[in-house]
Amino acid sequence: MPKKKGNGEGTIYKRKDGTWVGQITAGRDPESGRLKRPTFYGKTRKEVAEKIYEAQDKVNKGIFIDPSKMLVKDWVKIWAEQYSKKKNRQSTWRGYETFIRNRIVPELGDYKLSKLEPYHIQQFYNNLKTAPRLDKKEGTISSGTIAKIHAILHKCLVDARRNKLISWNPADETDRPPIETPETEILSSEEMDIFLEEIMKYRYFAGFLLSIGSGLRPGEVLALKWANLNLRDRIISIEETLTRVLDEDPETKNKTKIITQDAKTQKSKRTLVLARRLTAALRLHRIKQSKEKLLAGNKYTDNNYVFATATGGCVEYRNFYRSFQACLKKCGIPPVRLYALRHTFATRLLEDGEDLRVIQEILGHTDIRTTNIYTHVTRKIKTQAAAKIDSHLRKKRVIQT
């Protein structure tokens, strides 16, 4: 028999098998007109009472969804707005939203959250191995991308369990393809020499030189303002990064917009000493920029960007990238990503015997394992290592006295 309920508890009673059950009234079904009576289960009366109390609070606020009927896409929508979007940087959230909208919801969205099983998720991961890329490039998505999608889905289900919507996380019982770490792209010493000579002919020569000469990320280069530079003392402060994020303004036709946001991590906020060649290039760049201001006249809006458009606006990443690719083509160097300049910087320092911890600080990495990935073990380093071990392999002469 149901016991007398406490304030806001609904109906709670103990079953013959020893478990406790509770119900509340959560309005009427708009189609049938019947009362909606969601049921909650638990090992103790207190556990059920807590579930009911939380549910009743949501009913009063008009945000309650019956856990037994909630679809994966319903929870994903709540999770995205109330958890993930608020906790992550806008640039990170843009990637999450893309995977949620294009991958997770179309494949898993119509399953009931409480009925989602490991084999549903496993089949989803297996299908992803042959799924076409979203950017319409040739080939299928990488194992690394599948790992990212798993991380998003797993965290979403972790929070569903915390909210007592599910009793366990089915994503825990799945297998993902092993992540294949691609070989780090760098410029060889010969390619670097050709590149350094050719870049002086390009508008963003100082930006390319800054990337390969200080290891800055492309977004950090494009976010730089003259206030971040002290050319006399050769000091540069990295505080922000430029990135493209989703534009959620309902009145705009643009899907994305460019914003400046804080550097990637606390370690990414750093102060570096510039090489003399870099300060010379930046001084030359500033002179050219001053001439552009005079030519533009009233059309120029000075936003203090080190690398700006002809009218003072921020430089689009894609324009910076296209100029870089044009330079590579002119040099006869195979196409590589802009990050190859950052990787090349780290590798050259490693070749010259610089301590890995120092390289980590300059690059702004929180974890030295990331620095290990960025630094490319070249033939030069391998040859030096072979020469060192060679001296230990020679027979030592015995000096007779």
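The values are calculated or read from the model by the stated rules, or taken from the named source; none is laboratory data. Remember, it's a predicted structure, so these values are computed and weren't measured experimentally. Using ideal geometry, Cβ is built from the backbone for each residue, glycine included, and neighbour counts are taken over all protein chains shown. Accessible surface is based on the protein model in full, side chains and every heavy atom, while ligands, DNA and RNA are left aside. Shrake-Rupley method; radii C 1.70, N 1.55, O 1.52, S 1.80 Å.
Just to be sure before I move on: is Thr184 closer than 30 Å to Arg348 by Cβ and either among the hydroxyl-bearing types (Ser, Thr, Tyr) or assigned to a helix (DSSP H, G or I) (or both) in the structure I sent?
Details: closer than 30 Å to Arg348 by Cβ: yes; either among the hydroxyl-bearing types (Ser, Thr, Tyr) or assigned to a helix (DSSP H, G or I) (or both): yes.
Here the answer is yes, as Thr184 does meet what is asked.
Between Arg232, Arg244, Arg217, Arg203, which is closer than 30 Å to Ala151 by Cβ, modelled with pLDDT under 95 and open to solvent by 30 Å² or more (accessible area, probe 1.4 Å)?
Details: Arg232 fails: closer than 30 Å to Ala151 by Cβ; Arg217 fails: open to solvent by 30 Å² or more (accessible area, probe 1.4 Å); Arg203 fails: closer than 30 Å to Ala151 by Cβ.
The match here is Arg244.
List every residue pair whose Cβ atoms sit under 6 Å apart, with the two residues 6 or more apart in sequence or on different chains, where the first one lies in the range 161-174 and is free of Cβ contacts under 8 Å to residues at least 12 places away in the same chain and the second, anywhere, is open to solvent by less than 100 Å² (accessible area, probe 1.4 Å) and not charged (D, E, K, R).
Short answer, once both residue conditions are applied: Arg161/Asn169.
Condition first: at pLDDT 90 or above, aromatic (Phe, Trp, Tyr) and out of contact with any strand residue (DSSP E or B) (no Cβ under 8 Å at 6 or more places or on another chain). Can you find one or more residues in the range 358-378 that meet it? Explain how you work it out, then say what you get.
From the range 358-378, those at pLDDT 90 or above are none; that's our starting set.
Within the range 358-378 (the criterion being at pLDDT 90 or above, aromatic (Phe, Trp, Tyr) and out of contact with any strand residue (DSSP E or B) (no Cβ under 8 Å at 6 or more places or on another chain)), the answer is no, since none of the residues qualifies.
Return only the number of the condition from (1) in contact with a strand residue (DSSP E or B) (Cβ under 8 Å, 6 or more places away or on another chain); (2) within 16 Å of Arg337 (Cβ to Cβ) that Asn228 does not satisfy.
Asn228 satisfies all of (1) in contact with a strand residue (DSSP E or B) (Cβ under 8 Å, 6 or more places away or on another chain); (2) within 16 Å of Arg337 (Cβ to Cβ) except (2).
Taking the range 349-365 as the region of interest, how many residues are in contact with a Gly (Cβ under 9 Å, 6 or more places away or on another chain) and surrounded by fewer than 21 Cβ atoms within 10 Å (Cβ to Cβ)?
Of all residues in the range 349-365, those in contact with a Gly (Cβ under 9 Å, 6 or more places away or on another chain) come to 349, 359, 362-364.
Among the residues that remain, those that are also surrounded by fewer than 21 Cβ atoms within 10 Å (Cβ to Cβ) are: 349, 362.
Qualifying residue count, the range 349-365: 2.
Go through the range 225-242 and report how many residues are touching a residue at least 40 places away in the same chain (Cβ under 8 Å), of a type outside the set (A, V, I, L, M, F, W, C) and not in a strand (DSSP E or B).
2
Within the range 297-310, does at least one residue satisfy the condition of being open to solvent by 80 Å² or more (accessible area, probe 1.4 Å), in contact with a Phe, Trp or Tyr (Cβ under 8 Å, 6 or more places away or on another chain) and among the charged types (D, E, K, R)?
no
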